[in-house]
């Protein structure tokens, strides 16, 4: 069965299904009529009586035949009889705690209350839980594109390899940037066109040329929050806090001492000590550094635009494709700020445990602290889920797919930079290295924990893990994406052809002019190996 959304107003969190006369759209229209109208668009005494509360309004009492004492018109008798019939109908047909004015005839399409989503559901026929569960129960192959920002080209290369070998995943369990790659891939699968068509559009809009990126590494994917910075600095420098304690004469002796030490022994370390002491003491530098570090300017950029919920990303999400019955199961993770664990969202209209997927939830999975602002969903703030789970390999997601045979994981934030020294890097690469070290470790743990969970359930699942290689760069550039894409394709082809469970499912078709190059020795993550050694009690 498929459920059809009948309201054009989708951003509603009504917990129960209501008749069409009480949807958000109708309710908003009636509110404009003024306070004289009750909750159902009727005068308050009459509305209360219709709901079974209170006595019959005075206007409808003392009516006999065609006579009335409050007879502004002669139709009150018919109105009274009509309302009495409606009141009896209300008492006879309660639905989930709310009255229903009309008994709907049985139908294959069931009217439901608007979903808690940010896109227009009008004229969309969306997949219901029954259909979703049937497909989830039958899912055999899962594609798991991990988080990893500018390394997402590996995931595109894996999609190229899957398409060439006729592998079509039944489920997607992404994280961070993999949420976008997976959703664009899903949309293309439903349409039956080139599997990377939407991803290629995303890359064209969101990436830079390397010559430009090396001069100004600010990709168009992340609009800068300049207005928020201005408000933050203005708020700080207009407050008394900014002008308090600017003078610290007690620190001046340290400035003199460190200055003399540097003059007598001019080493780099002594220069650093003197510069620090001078900066902490000097009133103007204290004034500037206080604002730099403590003005409430917020993160660098943002993803989601609540003023344009369906156009904040290009290409726009085709929600009809996402919720189509033919679409693979899609499950992503959400992390509420302050919560220790993630929850899930999926492409199902009425899932009993998972939230419905929409633009807000999609964006929230890529809100890396400091870099991207958190996303507000119904008054609750959500941030980057990859700081807990780099992909959706949670027990809840795995348990909802009981027939999985193969997991194709693309661990793009693999610790390929573990041998890199920060001493040889600039701020850009050192920041990327900091994130890589953290997320790569979490991703390795996610895989090990998921494997353990499946083994404990007695499930035999083959794991194919494609990892980033050492020549990848943390650049949001066209050139880097293409490098990663070629490597991802080559690594995936080698592993797919060697897979015992995929071998019988392969339907090769030539889609590339160049033959597959000889695969290089498999890259082994230093951090991943360290985790395995630690789990065994040390190497």
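One table, with the values for the structure above:
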quantity	calculated
Any hit, segment 382-395, residues being in the same structural domain as residue 152 (by TED's automatic domain parsing) and over 17 Å from the mean Cα position of the chain (by Cα)	yes
Odd one out for residue 204 among (1) modelled with pLDDT under 95; (2) in the same structural domain as residue 359 (by TED's automatic domain parsing)	(1)
Cβ-Cβ under 9 Å pairs, at least 6 apart or on other chains, segment 247-268 side free of Cβ contacts under 8 Å to residues at least 60 places away in the same chain, far side in a loop (DSSP other than H, G, I, E, B) and surrounded by 12 or more Cβ atoms within 10 Å (Cβ to Cβ)	255/282
Residue match in segment 238-245 (condition: modelled with pLDDT of 95 or more, assigned to a helix (DSSP H, G or I) and surrounded by 14 or more Cβ atoms within 10 Å (Cβ to Cβ))	yes
Residue list for segment 162-179, restricted to those being more than 18 Å from residue 442 (Cβ to Cβ) and in contact with a strand residue (DSSP E or B) (Cβ under 9 Å, 6 or more places away or on another chain)	162, 167, 168, 169, 170, 171, 172
Single unsatisfied condition, residue 418 versus (1) at pLDDT 90 or above; (2) surrounded by 15 or more Cβ atoms within 10 Å (Cβ to Cβ); (3) more than 23 Å from residue 181 (Cβ to Cβ)	(1)
Meets criteria (modelled with pLDDT of 95 or more and within 36 Å of the chain's Cα centre (by Cα)) for residue 268	no
Residue 406 more than 24 Å from the chain's Cα centre (by Cα), crowded, with 21+ Cβ neighbours inside 10 Å, within 30 Å of residue 501 (Cβ to Cβ) and in the same structural domain as residue 169 (by TED's automatic domain parsing)	yes
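The values are calculated or read from the model by the stated rules, or taken from the named source; none is laboratory data. This is a predicted model, so every value here is computed, not measured. Note that each Cβ is placed from the backbone with ideal geometry, even for glycine, and that neighbours are counted across all protein chains shown.
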